Structures are given as C-alpha cells and as structure tokens.
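First comes the structure, then the notes that go with it.
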Amino acid sequence: MIEAINDCFHTELARDDSVLVMGEDVGRSGGVFRATAGLQERFGVDRCVDTPLAEAGMLGAAVGLCMAGWRPICEMQYDAFAYPCLDQLITHVGRYHWRTGGGMEFPLVVRMPYGGGVRAPELHDDSPEAYYVHTPGIKVAIPSTPADAKGLLAAAIREVKEKIGLCEVCFNLTDETRCRICQDPRRDEALICVVEEPSDVIPMERTHEYHGVYHVLGGALSPIDGIDPEDLKIAELFVRVADPGSAVDVREVVLATNPTTTGEATALHIAEELRARAPAVKVTRLASGLPVGSDLEYADEVTLGKAFAGRRAV
Ligand SMILES: [Zn+2]
C-alpha cells in the first residue's frame, strides 16, 4: 500500500510542476509511514514541505496556494489530527468555488490514514469520514487495495485541472461545454459585457446589477508585449455580435476592460471595429467615477475629470 502511494506521489509530482506535498515530517524523514520517501531529495524543499505541528495553518496555507495556482496535497499523519482544520476544509475548501461564482477552483487533496491495525493511542484511531461525506464540495475516497489507493490518489490530484476548460460561447472558465451563466435562461443574451479575464466576471456578478452575458477576451491588447488582436478572443466577439447568421440579435456591447492603458486601447479597438461591422449595435463603456466613500480632495485629476465629464442629472 505504502509503495503504491509513494509511487503515485513520485509520478504526479514529476508530471505536473504545480503539484506539491506538505505536512508534518513529510520532507526530511519521508513521512511517518514513509509515504513521501524520496520526494524532498528529488523535487526540493519547495515541493515537499515540512510544516509545523499546526494542521489548521497547513490547510489554511494550502487554500492560499490553490488561489495562487498550486495543487497542494496535505498529508495528515492520522485522520483524527485533522479536527483543527475542519473549518478550513468545510468553510473554505468546500465552498469557495461557489462563493466566487465559479471563478476559483480548489484543487486540494487531503490524504489521511486511519485504522490499518496500527493500534495507536487515543487521537489516532478515529474514522470521521462520515463528517466529510456530508460536507458540500468535498469528495471522499477510501481505498482498500494498493491499486485503488494509487488510482484514486492520482485521479484526485488530476481531477480539477483536466476538467476545467473554456465556455464555448463566452470563454469563461467552466467544467461543461457552456458556463453556468450562458446556460441560465434568465440572462439577457442580447446584452454582452466584454471583460479581460474570467476573474473579472466575479466583481461584475457581485454587483447584482448586470443580467446580461459575458465575453472573456483572455487579456488586453499590448503590442509592446506582443499581444495583438489575434491573440485574444476578439474575432470570436465579432462573430457573436456581427455575424448575420448568429442566433442572437445583440442589442448592446458593454466594454468593461480595465481603465488602464492596455484596457482602454482594447476597448477603443473593439468599439471602432464594431461601429464598422455592426452599426446598429449600441457600444458602451463602463463609466469612470469617484470611488464610493472617498473625498474629492484625494481624487486624482484624471478620475475627477472623467467623473465631471460623465456627470448626469439627479
Ligand atoms: Zn459562457
């Protein structure tokens, strides 16, 4: 069993640079059961990390690592040692995907042994998997053979990454062919909000003001960095908006690229092209204004100038 798990770790860390193992004694000593033997020598201290005796800190750090694009595997020495990190597991790992409107994934694997006839003292023999089974957003796998252990562990480590792709309509992140927003019949398909990145969809959704659909460009135009229109999903936007064969009669395109040099250049390019290709479609840009709760005294002159130009009747 231990050889199968150790072999799986070696294979998965070699296969994907973003996979790392963290836990108490996993590095220098290779784990209390030797499941992580040889990993630190082979992959270094950054990918096989000895943590302090602090399970809550370990899982909390792993949540942050997930947000930064890593795929951590947390090794608990025994299942019952995981009680201090139940909050992170139940409240964060299991729910943040939904709390971020599907914008973030938590490809976290927690491996914890229990039973096995070790006859360890109290605090070593609990088998609280029933709690985890009832936790939304968490999957539980309990292997009983070496082959199951290796296969299930590898599947858990790989799962989220291989499942996530881009929505075929709007290029938002999704684990289906169309994202949940594009599938929602209550959304107004004739209103398209153009954003740079999938993460920009989240703040727009949080406003609860917007009920249209999105188009995610995958970045902003930046010739100096070699990012040209063909590197972004701009041609696909023109097909959605201006193709006479398109299933939807688009009414308005809201340009919500960032108020930066590259974001403004991207908005300008798209606006000019759309004016030529689809003159009947209204093209708008998010207004620039003063942050809520701030003072005029602290506003920069560009923001204040734009806020003045964009003033409206009250
Ligand atoms: Zn979509």
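The values are calculated or read from the model by the stated rules, or taken from the named source; none is laboratory data. Bear in mind that the values here come from a model prediction, so they are computed numbers and not experimental data. So basically every Cβ, Gly included, is an ideal-geometry build from the backbone, and we count neighbours across all protein chains shown.
Take the residues in the stretch 206-218 that are surrounded by fewer than 18 Cβ atoms within 10 Å (Cβ to Cβ) and within 17 Å of the chain's Cα centre (by Cα), then tell me which one is nearest to the ligand (Cβ to nearest atom).
Restricting to residues being surrounded by fewer than 18 Cβ atoms within 10 Å (Cβ to Cβ) and within 17 Å of the chain's Cα centre (by Cα), the top hit is Gly218.
Among Leu65, Leu53, which is the only one that is part of a loop (DSSP other than H, G, I, E, B), at pLDDT 90 or above and more than 18 Å from Tyr131 (Cα to Cα)?
None of the others qualify; the one that does is Leu53.
Could you run through the stretch 146-185 and say how many residues are within 30 Å of Ala4 (Cα to Cα), under 15 Å from the mean Cα position of the chain (by Cα) and without any contact (Cβ under 8 Å) to a residue 40 or more places away in the chain?
3
I need the full set of residues from the stretch 256-300 which are modelled with pLDDT under 90 and surrounded by 11 or more Cβ atoms within 10 Å (Cβ to Cβ), in order please.
Correct list: Ser288, Gly289, Leu290, Ala299.
Answer yes or no as to whether Leu221 is in contact (Cβ under 8 Å) with a residue 12 or more places away in the chain, more than 16 Å from the ligand (Cβ to nearest atom) and buried (at least 16 other Cβ atoms within 10 Å of the Cβ).
Details: in contact (Cβ under 8 Å) with a residue 12 or more places away in the chain: yes; more than 16 Å from the ligand (Cβ to nearest atom): yes; buried (at least 16 other Cβ atoms within 10 Å of the Cβ): yes.
For Leu221, the condition - in contact (Cβ under 8 Å) with a residue 12 or more places away in the chain, more than 16 Å from the ligand (Cβ to nearest atom) and buried (at least 16 other Cβ atoms within 10 Å of the Cβ) - is met.
Considering each residue of the stretch 165-204, count those that are assigned to a loop (DSSP other than H, G, I, E, B) and within 13 Å of the ligand (Cβ to nearest atom), and give that number. If you could, list the steps in order and put the result at the bottom.
At the first step, the residues of the stretch 165-204 found to be assigned to a loop (DSSP other than H, G, I, E, B) are 167-172, 175-179, 184-187, 196-197.
Subset that is within 13 Å of the ligand (Cβ to nearest atom): 167-172, 175-179, 184, 187.
Of the residues in the stretch 165-204, 13 are assigned to a loop (DSSP other than H, G, I, E, B) and within 13 Å of the ligand (Cβ to nearest atom).
Here's the yes/no breakdown for (1) out of contact with any Gly (no Cβ under 6 Å at 6 or more places or on another chain); (2) surrounded by 15 or more Cβ atoms within 10 Å (Cβ to Cβ); (3) outside the structural domain of Pro198 (by TED's automatic domain parsing):
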{"site": "Gly64", "(1), (2), (3)": "yes, no, yes"}
{"site": "Ala68", "(1), (2), (3)": "yes, no, yes"}
{"site": "Arg71", "(1), (2), (3)": "yes, yes, yes"}
{"site": "Gly94", "(1), (2), (3)": "no, yes, yes"}
{"site": "Ser144", "(1), (2), (3)": "yes, no, yes"}
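For the stretch 224-247, what are the residues that are loosely packed, with under 15 Cβ neighbours inside 10 Å and either part of a strand (DSSP E or B) or within 16 Å of the ligand (Cβ to nearest atom) (or both)?
Correct list: Val239, Ser246, Ala247.
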